[in-house]
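Working notes for the structure below.
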Amino acid sequence: MALLLLSEHATEAARILVLGAGGGLELKTFAEARPDWSFVGVDPSAPMLDLAKHVLGPLGSQVAWVHGYVEHAPPGPFDGATCLLTLHFLPRPERLRVLQAIRRRLSPGAPLIIAHHSIPEGAASDRWLTRSAAFAAGPTPDPGQVAAAASGLARHLPLLSTHDEEALLREAGFCDVALFYAGFSFRGWVAVARDT
């Protein structure tokens with residue numbers, strides 16, 4: 001889905017910023033599908049970047065690796081960006097700072113794709129996290145393990161409502177914010193860098 005959304009806007013020879021690149025799965029998908037694109041993969045974990053380099057193998061030649069955070073990324077301009085399964089670890093003020101830093105690095109009109117845990121407006125987070133944990137556990141989940149997993153998520157993730165997520169994107173300088181994915185507590189949005 002992220003590849004399709006990026007491809008709607010990105011040109012040939014596009015330059016894409018990937019925050020939270022450790023592990024390399026989305027980078028591998030992008031690089032295989034778009035050999036004409038180049039990427040900057042940013043992650044604060046050296047072991048996760050090493051794993052990503054291993055996963056990409058020869059495709060890694062399309063990627064410039066940055067060990068660090070968004071402020072360590074080149075200034076751009078980039079033709080698109082992704083930040084998957086990362087922002088839900090950050091409290092709202094830090095999340096806004098990261099989104100603003102991404103926006104500064106994007107060309108006007110470039111897409112940003114984000115996906116992470118979020119909850120519907122006014123909903124109980126424990127119920128939605130329990131559903132996600134049960135789904136991840138498979139068709140016959142152990143109730144004790146599901147409860148422990150959901151409790152761990154609730155302790156470590158400063159969740160925002162979908163309304164707050166969308167407001168944050170707009171505050172950071174994005175427009176045309178649209179939800180493209182919803183699965184239990186996982187949500188994904190695409191937004192476009194607004195002209196400044």
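The values are calculated or read from the model by the stated rules, or taken from the named source; none is laboratory data. Computed from a prediction, not measured in an experiment: that's the story for all the values here. We place every Cβ from the backbone using ideal geometry, glycine too, and count neighbours over all the protein chains shown. Ligands, DNA and RNA are stripped out before the accessible areas are found, and what is left, the full protein with its side chains, is counted by its heavy atoms. Shrake-Rupley method; radii C 1.70, N 1.55, O 1.52, S 1.80 Å.
For Ser38, indicate whether it is open to solvent by 20 Å² or more (accessible area, probe 1.4 Å), of a type outside the set (A, V, I, L, M, F, W, C) and either touching a residue at least 24 places away in the same chain (Cβ under 8 Å) or under 16 Å from Gly20 (Cβ atoms) (or both). Judged against the criteria, Ser38 is a match. Tally up the residues in segment 104-141 that are in contact (Cβ under 8 Å) with a residue 60 or more places away in the chain, within 12 Å of Phe186 (Cα to Cα) and not polar (S, T, N, Q), please. Result for segment 104-141: 5.
Yes/no per residue for (1) part of a helix (DSSP H, G or I); (2) farther than 23 Å from Ala167 by Cα; (3) in contact (Cβ under 8 Å) with a residue 12 or more places away in the chain:
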residue: Trp65; (1), (2), (3): no, yes, yes
residue: Glu71; (1), (2), (3): yes, no, yes
residue: Cys83; (1), (2), (3): no, no, yes
residue: His88; (1), (2), (3): yes, no, yes
residue: Pro93; (1), (2), (3): yes, no, no
residue: Ile102; (1), (2), (3): yes, no, yes
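Just one residue in the set Ala172, Ala150, Ala191 is buried (at least 19 other Cβ atoms within 10 Å of the Cβ), farther than 15 Å from Leu99 by Cα and touching a Lys or Arg at 6+ places or on another chain (Cβ under 9 Å); that residue is Ala150. The residues of segment 146-182 that are in a strand (DSSP E or B), free of Cβ contacts under 8 Å to residues at least 40 places away in the same chain and over 11 Å from Ile113 (Cα atoms), listed by number, are Cys175, Asp176, Ala182. If I ask for residues that are open to solvent by 50 Å² or more (accessible area, probe 1.4 Å) and within 12 Å of Ala172 (Cβ to Cβ), which ones from segment 95-116 would you list? Of everything in segment 95-116, those that are open to solvent by 50 Å² or more (accessible area, probe 1.4 Å) and within 12 Å of Ala172 (Cβ to Cβ) turn out to be Arg97, Gln100, Arg104. Looking at Gly76, Gly60, just one residue is part of a helix (DSSP H, G or I) and open to solvent by less than 60 Å² (accessible area, probe 1.4 Å), and that residue is Gly60. In segment 154-165, which residues are open to solvent by less than 50 Å² (accessible area, probe 1.4 Å) and not β-branched (Val, Ile, Thr)? Leu157, Pro158, Leu159, Leu160, Ser161, Glu165 - these are the residues of segment 154-165 that are open to solvent by less than 50 Å² (accessible area, probe 1.4 Å) and not β-branched (Val, Ile, Thr).
Screening Thr130 against (1) surrounded by fewer than 19 Cβ atoms within 10 Å (Cβ to Cβ); (2) modelled with pLDDT under 90; (3) polar (S, T, N, Q) leaves a single unmet condition, (1). One residue stands out in segment 175-188 among those that are over 23 Å from Ser107 (Cβ atoms) and touching a Leu at 6+ places or on another chain (Cβ under 7 Å): the one that is most open to solvent (accessible area, probe 1.4 Å), namely Arg187. Of all residues in segment 43-59, those satisfying the criterion of being within 10 Å of Gly24 (Cβ to Cβ) and either in contact with a Gly (Cβ under 7 Å, 6 or more places away or on another chain) or without any contact (Cβ under 8 Å) to a residue 12 or more places away in the chain (or both) are Asp43, Met48, Leu49, Asp50, Leu51, Ala52, Lys53, Val55, Leu56, Gly57. Selection of segment 117-126 for residues being more than 15 Å from Ala182 (Cβ to Cβ) and either open to solvent by 80 Å² or more (accessible area, probe 1.4 Å) or acidic (Asp, Glu) (or both) yields Gly122, Asp126. Residue pairs whose Cβ atoms lie under 8 Å apart, sitting 6 or more positions apart in sequence or on different chains, and linking a residue in segment 1-19 that is on the phi > 0 side of the Ramachandran plot to a partner that is in a loop (DSSP other than H, G, I, E, B) and surrounded by fewer than 16 Cβ atoms within 10 Å (Cβ to Cβ), are Ala13/Asp36.
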